[in-house]
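Here's the structure we're looking at; comments come further down.
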Amino acid sequence: MATDYYAVLGVRRDAGQDEIKKAFRRLARELHPDVNPDPKTQERFKEINAAYEVLSDPQKRQVYDLGGDPLSPNGGGAGGFGAGAAGFGFSDIMDAFFGAASGQRGPRSRTRRGQDAMIRLEITLEEAAFGTTKELQVDTAVTCTTCSGEGAAPGTSAQTCDMCRGKGEVSQVTRSFLGQVMTSRPCPQCQGFGTVVPTPCPECAGDGRVRARRTLTVKIPAGVDNGTRIQLAGEGEVGPGGGPAGDLYVEIAETTHTVFQRRGDDLHCTVTIPMTAASLGTQVPLQTLDGVEEVDIRPGTQSGQSIPLHGRGITHLRGGGRGDLIVHVEVQTPTKLDPEQEDLLRRLAVLRGEERPSGQFAPGQQGLFSRLKDAFNGR
Ligand SMILES: [Zn+2]
Ligand SMILES: [Zn+2]
């Protein structure tokens, strides 16, 4: 290989385009003939220009990396290859090395699929439990009706690009160690589309789409939760050139309920009952999602006990059936006793032998107590 272009610019072989550009600019400022007219420096200046010409152009850099010199009129003299081996095109070699991807040919379409869009939707717990139907206002790109997505003003149409004759790419032939090398790049006049729009549609400025507000009716299935996303296929943004629309995702945000807390598909609530009712047992009316229900409080119910109401929770999103409503009971100790009530309670305490109760550790705290004792006694 004649010249090591990477060494000339002082960059690594895997250097990115930015790095190459920076190195070149730094050296060019230093070695520019206006700054430094010394003939040796001018020689160096020519070298860095050549190195930059090759390494800044992906196609030429590839040729160079494969052992050729894209600037040498006879190719780089890599063994048996030379001017004589001109029987096959460079793109054939590239295809052999990199697969057909680099050989993709022809103009690219102006039409592309649109982006997905997302919208948040607040619903109540009741709506989540049973499902609902909502009207949604969405602002998305829709196909421009003036030009039907074509991008051309009414009465005009896209014309075949005269620079690339509709191929979308322009080719350049250079000679290298492999013989003639044909390099292609997207056509600068039509950006690779193969067509140009001489008079863009005034409504959409040639994009083929405009923003519009639409109203959509969305069915929210029973059982959705915070963060559930409902996919509405084809209701997202229309693509450039009137391309197919992306999808719209509706993300559920459930508002906090004043009474029920949701955990999974179960609901939890707390009811308070007086001490006497907890002891004697009673029935309390409770407003559930399904209307008022009588909840059975059995005699001797303790504070903190919970009563499950099966099937009164949220509908399972998949598989049907419903979660439970768990009613947590909180027993209220009576306060502000009048003399008669106080007397009654004192007589009850005597009858139950509870005038001076010793207090008992509840299960679980006993273990903690003995550990504390052990710690005090140094065991
Ligand atoms: Zn238009
Ligand atoms: Zn063109």
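The values are calculated or read from the model by the stated rules, or taken from the named source; none is laboratory data. Please read these numbers as outputs of a predicted model, since none were measured by experiment. FYI the Cβ positions are ideal-geometry reconstructions off the backbone, even for glycines, and counts take in every protein chain you see. Just so you know, the surface numbers come from the protein's heavy atoms only, side chains and all, with ligands and any DNA or RNA stripped out. Shrake-Rupley method; radii C 1.70, N 1.55, O 1.52, S 1.80 Å.
Given the options 110, 120, 25, which has the most mean-square fluctuation in a GNM of the chain, springs set between C-alpha atoms less than 10 angstrom apart?
25
Tell me, what % of the accessible area of the chain is carbon and sulfur with a 1.4 angstrom probe?
Values: 11790 of 23450 Å².
Solvent-exposed carbon and sulfur of the chain make up 50 percent of the total.
Need one value: the accessible area of residue 184 in square angstrom, 1.4 angstrom probe, rounded to the nearest 10.
Residue 184 exposes around 30 Å² with every protein chain in place.
Which order do 40, 336 take by accessible area at a 1.4 Å probe, largest first? Mind dumping the intermediate values first?
Working: 40 160, 336 195 Å².
Final ranking, largest accessible area leading: 336, 40.
Given springs between every Cα pair under 10 Å in a Gaussian network model of the chain, which of 345, 66, 55 has the largest fluctuation?
Maximum among the listed residues: 345.
Straight-line reach from residue 219: which lysines fall under 29 Å, measuring Cα to Cα and dropping same-chain residues less than 8 apart?
Answer for residue 219, where 29 Å is the Cα cut-off: 134, listed by chain and number.
So how much accessible area does residue 262 have, in Å² to the nearest 10, using a 1.4 Å probe?
Using a 1.4 Å probe on the heavy atoms, I get roughly 40 Å².
For the chain, what is the calculated [θ] at 222 nm in deg cm²/dmol (nearest 500), taking -39500 (n - 2.57) for each run of four or more DSSP H residues and dividing by its residue count?
Values: 9 runs with 91 residues, N = 379.
Calculated mean residue ellipticity at 222 nm is -7000 deg cm²/dmol.
Have a look at 196, 164, 129 and report the one farthest towards the positive end of the charge dipole of the chain, computed about the Cα centre with Cβ charges (Lys/Arg +1, Asp/Glu -1).
Sorting the options by dipole projection puts first 164.
Please report, for the Cα atoms of the range 195-340, the Rg to one decimal and the Dmax as a whole number; what are they, in angstrom?
Rg then Dmax for the range 195-340, in Å: 27.0, 99.
Using every Cα-Cα pair within the range 106-151, state what percent have a distance larger than 17 Å.
Value for the range 106-151: 60 percent of Cα pairs lie more than 17 Å apart.
Ignoring everything but the protein chains, give the 1.4 Å probe accessible area of residue 118 in square angstrom, nearest 10.
100 Å²
In square nanometres and to one decimal, what's the mean projected area of the convex hull around the Cα atoms of the range 237-286? Intermediate results must be reported in sequence, preceding the final value.
Numbers: hull surface 25.0 nm².
So the mean shadow area of the Cα hull is 6.2 nm².
Counting Lys and Arg as +1 and Asp and Glu as -1, each charge on the Cβ, what is the dipole of the chain about the Cα centre in debye, to the nearest 20? It would help to have the intermediate numbers written out before the result.
Details: 43 positive and 47 negative charges, 226 e Å.
Around 1080 debye, computed over the chain.
Keeping all protein chains in place, calculate the accessible area per residue for the chain (probe 1.4 angstrom), answer in Å².
Details: 23450 Å² over 379 residues.
Counting only protein heavy atoms, the per-residue value for the chain is 62 Å².
Taking square-rooted eigenvalues a ≥ b ≥ c of the alpha carbon gyration tensor, is the range 271-327 rounded, prolate or oblate, where a/c under 1.5 means rounded and, failing that, a/b exceeding b/c means prolate?
Taking the square roots of the gyration eigenvalues as a ≥ b ≥ c, the range 271-327 is prolate.
Using the 2.2 N^0.38 Å rule of thumb for compact globular proteins, work out how the range 285-366 stacks up: its C-alpha Rg over that value, please. Spell out each step's value before the answer.
Details: Rg = 19.4 Å, N = 82, 2.2 N^0.38 = 11.7 Å.
Scaled against compact globular proteins, the figure is 1.65.
When a/c reaches 1.5 or more, the comparison of a/b and b/c decides; with that in mind, is the range 132-217 rounded, prolate or oblate per its Cα gyration tensor?
It comes out oblate by the Cα gyration axes.
Within the range 246-278, list the residues whose amide N lies under 15 Å from a label point set 7 Å along Cα→Cβ of residue 345.
Residues passing the 15 Å test: 274-278.
Kindly give the semi-axes, whole Å and largest first, of the ellipsoid equivalent to the chain, taking each as the square root of 5 times a Cα gyration tensor eigenvalue. Walk me through the numbers before you get to the answer.
On the way: eigenvalues 1298, 250, 69 Å².
Equivalent ellipsoid semi-axes, largest first: 81, 35, 19 Å.
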